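K.L.:
Questions regarding the structure given below will be posed in turn.
The values are calculated or read from the model by the stated rules, or taken from the named source; none is laboratory data. On a predicted model such as this, the values are computed, not experimentally measured, just so you know. Heads up, the Cβs are rebuilt from the backbone with ideal geometry, glycines too, and the neighbour counts pull from every protein chain shown. The accessibility values were calculated without ligands, DNA or RNA, using every heavy atom of the protein model including side chains. Shrake-Rupley method; radii C 1.70, N 1.55, O 1.52, S 1.80 Å.
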Amino acid sequence: MQHSPSTAKPRPRHTRILALASGKGGTGKTTVAVNLALALNRAGHTVCLLDADFGLSNAEVHLGLPSPLHTLENVLFDSMPLEECLVPVRPGLDLISGSNGVARMAELDVTSRKRLVAEFSALSGYDFLILDNSPGISAQVVSLCLATREIILVVNPEASALVDAYALIKVLKENGLWWPPLILVNRSESGVQARQVFTRFQETVEQFLGLKPLFLGAVPLDDAARKMTALGKPFVTLRDDLPASQAIMSIAKILAERLNKDWAKNKPADFFENVVVRMKQRPDFGLSQIAANSSAPTNDTTQPDVYMELVAVLDKASRLCEKLLENPAYSFVRDRFGLVRLAMDNFLNPLDRLRKPRGILKPRILVLSNHEQMRTMLGEIVAEVGYEGEAFAPGHGDFLKFRDTCNLILVSCDRPEALIRSCLLQIPEVPLILLTGFGNSSLETEFRHRTVAVVPRPFHINELRTILQSALH
């Protein structure tokens, strides 16, 4: 399906500036930026795509183009006219490679800044200026995002991507963000999943940061689109029938029709001058506050988002350890870091804390297993760590009588799982520790929202004791 410029709506009076960002690498942000630029162009709009990723400028790779001869750095420091850095992609769509130029904007003196403003006035002829930021959090990313009123945050359903996206919004707010960023969920398994991910993310950001992100849309997992991207072939221009192409074109249409009273402020020349000024002010990343929180324990609960920062740090540590610990002898360490991942996975819908039923002197743990020997052993471990334990075979015994007096359920994920599932559904408010089998367990996925730890088998008894003690303390 071809889009004709003649069918496009009249151009807006001012250039729309869209800043695409992500809290971490690997979300597919550049793929989205490139295909979104192509979709807007095919809809009849003139577009300039600025690859502002100073660490890995590769938008041209996604477009199937050779590396540009000149970059923004030549404009800023070699007095090269901006027009010489424009790389024609197709009629009405040009590319500028930022290289390290954007990151060095803070070095510009007054004279250079005035020349920069004059050069970027040439971009006023475009309908859209799309900025493909570096992943993560930096002075460059913060400055580019805050200089425009349209921030598109590309996230994945993975918890690590959402934690880092939260951290980016937090830093943006601490440096002046008051308007809602737009959230695009990439690589979602379904529209339902994308909406669920966004809703939980929106609720968390609104509760902890006082901002309410808006849902822009979702791009589904699409194997054909992924293969084309790997070959440097943008899928929007080659396959209109792909689900990913249709999603991108729908998002482009939404953006083109979206009304925003602040567009008039988005003149490219003023925008880049604003970026330089912000970078010179050195954005605050809240490191002093984080350090203070980590060095001086406090009972203050007025800042619940400190938990989110901790989760983000732990996730980065777990990924690093997974890379370092390649020796199979250290597999148990990786399993323990897997618990960090699980805790992080639950952060969007966290448990307040393990339940503390009234009138119970000792924490009570219910043990649930299909096998008698396993129930006996787990009951003994519970008693050894000083807790009250009650062991049940699924479908036998009065399981519900402990509904209001137990703190935790220790579940051995044995087959058949149907009876175990039925028992757990009867007490939906009690947190779980799951002992997974040697195969995949559907319980781990189904009850993820209330699971505080997953212990793979075979497990070490001392390790389970430690997890039980940590969970209830």
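K.L.:
Going by what's in this entry, would Pro66 be described as open to solvent by 30 Å² or more (accessible area, probe 1.4 Å), in contact with a helix residue (DSSP H, G or I) (Cβ under 8 Å, 6 or more places away or on another chain) and farther than 22 Å from Phe120 by Cβ?
P.N.:
The answer is yes for Pro66.
K.L.:
Tell me which of these Gly437 doesn't satisfy, since it passes every other one: (1) at pLDDT 80 or above; (2) over 27 Å from the mean Cα position of the chain (by Cα).
P.N.:
Condition not satisfied by Gly437: (1).
K.L.:
Tell me yes or no: at least one residue of the range 80-102 is open to solvent by less than 50 Å² (accessible area, probe 1.4 Å), under 22 Å from Lys253 (Cβ atoms) and part of a loop (DSSP other than H, G, I, E, B).
P.N.:
yes
Okay, residues lined up against (1) touching a strand residue (DSSP E or B) at 6+ places or on another chain (Cβ under 9 Å); (2) open to solvent by less than 50 Å² (accessible area, probe 1.4 Å):
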| position | (1), (2) |
| --- | --- |
| Asn175 | no, yes |
| Asn186 | yes, yes |
| Phe201 | yes, yes |
| Leu214 | yes, no |
| Asp222 | yes, yes |
| Ala225 | yes, yes |
| Leu238 | no, no |
| Ala244 | yes, yes |
| Ile248 | yes, yes |
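K.L.:
What single numbered condition from (1) in contact with a Pro (Cβ under 7 Å, 6 or more places away or on another chain); (2) over 30 Å from Glu158 (Cβ atoms); (3) outside any helix (DSSP H, G or I) fails to hold for Leu419?
P.N.:
It fails just one condition, (3).
K.L.:
Let me ask another. Within the range 53-98, how many residues are without any contact (Cβ under 8 Å) to a residue 24 or more places away in the chain and among the acidic types (Asp, Glu)?
P.N.:
Selection size over the range 53-98: 2.
K.L.:
Name the one entry in Gly176, Gly232, Gly217 that is more than 18 Å from Gly26 (Cα to Cα), small (Gly, Ala, Ser) and either within 12 Å of the chain's Cα centre (by Cα) or outside any strand (DSSP E or B) (or both).
P.N.:
Details: Gly232 fails: more than 18 Å from Gly26 (Cα to Cα); Gly217 fails: either within 12 Å of the chain's Cα centre (by Cα) or outside any strand (DSSP E or B) (or both).
Exactly one of Gly176, Gly232, Gly217 is more than 18 Å from Gly26 (Cα to Cα), small (Gly, Ala, Ser) and either within 12 Å of the chain's Cα centre (by Cα) or outside any strand (DSSP E or B) (or both), namely Gly176.
K.L.:
For the range 388-406: of the residues being open to solvent by less than 20 Å² (accessible area, probe 1.4 Å) and part of a loop (DSSP other than H, G, I, E, B), which is farthest from Glu429 (Cα to Cα)?
P.N.:
Pro394
K.L.:
Right, something else. Would you call Leu123 closer than 17 Å to Ala269 by Cβ, open to solvent by less than 50 Å² (accessible area, probe 1.4 Å) and under 34 Å from the mean Cα position of the chain (by Cα)?
P.N.:
On the way: closer than 17 Å to Ala269 by Cβ: yes; open to solvent by less than 50 Å² (accessible area, probe 1.4 Å): yes; under 34 Å from the mean Cα position of the chain (by Cα): yes.
So Leu123 fits the description; yes.
K.L.:
Going through the range 38-79 one residue at a time, which ones are of a type in the set (Asp, Glu) and either farther than 25 Å from Ala230 by Cβ or in a loop (DSSP other than H, G, I, E, B) (or both)?
P.N.:
Of the range 38-79, the ones of a type in the set (Asp, Glu) are 51, 53, 60, 73, 78.
Asp53, Glu73, Asp78 - these are the residues of the range 38-79 that are of a type in the set (Asp, Glu) and either farther than 25 Å from Ala230 by Cβ or in a loop (DSSP other than H, G, I, E, B) (or both).
K.L.:
Also, I was wondering about something else. Considering only the range 29-63, state which residues are of a type in the set (Gly, Ala, Ser) and surrounded by fewer than 20 Cβ atoms within 10 Å (Cβ to Cβ).
P.N.:
Gly44, Gly55
K.L.:
Keeping to the range 119-144, report how many residues are touching a helix residue (DSSP H, G or I) at 6+ places or on another chain (Cβ under 7 Å) and in a loop (DSSP other than H, G, I, E, B).
P.N.:
Here the count works out to 3.
K.L.:
Now, a different point. If you go through the range 82-105 one residue at a time, do you hit one that is acidic (Asp, Glu) and under 20 Å from the mean Cα position of the chain (by Cα)?
P.N.:
No.
K.L.:
Under 15 Å from Val275 (Cβ atoms), open to solvent by 10 Å² or more (accessible area, probe 1.4 Å) and touching a residue at least 12 places away in the same chain (Cβ under 8 Å), is that true of Ser112?
P.N.:
yes
K.L.:
What number of residues within the range 188-199 satisfy the criterion of being in a helix (DSSP H, G or I), of a type in the set (Gly, Ala, Ser) and either open to solvent by 10 Å² or more (accessible area, probe 1.4 Å) or in contact with a Lys or Arg (Cβ under 6 Å, 6 or more places away or on another chain) (or both)? Reasoning before the result, please.
P.N.:
Kept after step one, since they are in a helix (DSSP H, G or I), are these residues of the range 188-199: 191-199.
Those still in the list that are of a type in the set (Gly, Ala, Ser) too: 191, 194.
This time we only want the ones that are either open to solvent by 10 Å² or more (accessible area, probe 1.4 Å) or in contact with a Lys or Arg (Cβ under 6 Å, 6 or more places away or on another chain) (or both), so: 191.
Adding up the residues that qualify gives 1.
K.L.:
Checking the structure you have, find out if any residue of the range 145-155 is open to solvent by 40 Å² or more (accessible area, probe 1.4 Å) and part of a helix (DSSP H, G or I).
P.N.:
no
K.L.:
Looking only at the range 20-77, count how many residues are in contact with a Phe, Trp or Tyr (Cβ under 8 Å, 6 or more places away or on another chain) and of a type in the set (D, E, K, R).
P.N.:
Step one: of the range 20-77, the residues in contact with a Phe, Trp or Tyr (Cβ under 8 Å, 6 or more places away or on another chain) are 23, 35, 37, 40, 45-48.
Narrowing the set further to residues that are of a type in the set (D, E, K, R) leaves none.
Total meeting the criteria: 0.
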